[in-house]
Amino acid sequence: MPEVNPDLLLAVRRKRGELNLTVAELSNSTGISRWTLSPILSGKHTSANRTTIKKLDNWLYQHI
């Protein structure tokens, strides 16, 4: 499995904070399960499916 880029993770965390989103709201917005998102956002998991990373990247791009 590919690693989640630390820069992408930091950017998603910041934007999530700016938008004041819960993990559940981010899950709905990205289409990624909150059970997948939570460990990624907390840093417990550093790897994810390419699809998950792409969804995070797309979400971030839409909210810039």
- request: Run the numbers on the chain and let me know its relative contact order in percent, using alpha-carbon pairs under 8 Å that are six or more apart.
  value: 47 percent
- request: Rank-order 17-23, 39-45 by packing density, defined as the average count of other C-beta atoms within 10 Å over each peptide's residues, highest first.
  value: 39-45, 17-23
message: Let me spell out the model: positive unit charges on the Cβ of Lys and Arg, negative unit charges on the Cβ of Asp and Glu, origin at the Cα centre of the chain. What dipole size does that give, in debye rounded to 20?
response: 80 debye
- prompt: In what sequence, highest mean first, do 47-59, 1-13 appear when ranked by Cβ atoms within 10 angstrom?
  reply: 47-59, 1-13
- prompt: Where the convex hull is taken over the Cα atoms of the stretch 1-50, what is its projected area averaged over directions, in nm²?
  reply: 3.2 nm²
- prompt: So for the pair residue 33, residue 46, with labels modelled 7 Å out along Cα→Cβ, what separation do we get in nm?
  reply: 2.3 nm
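Throughout, read-outs are computed from the coordinates displayed, never taken from laboratory work. Please read these numbers as outputs of a predicted model, since none were measured by experiment. A quick note on method: Cβ atoms are made from the backbone with ideal geometry, for glycine too, and the neighbour counts reach across all protein chains shown.
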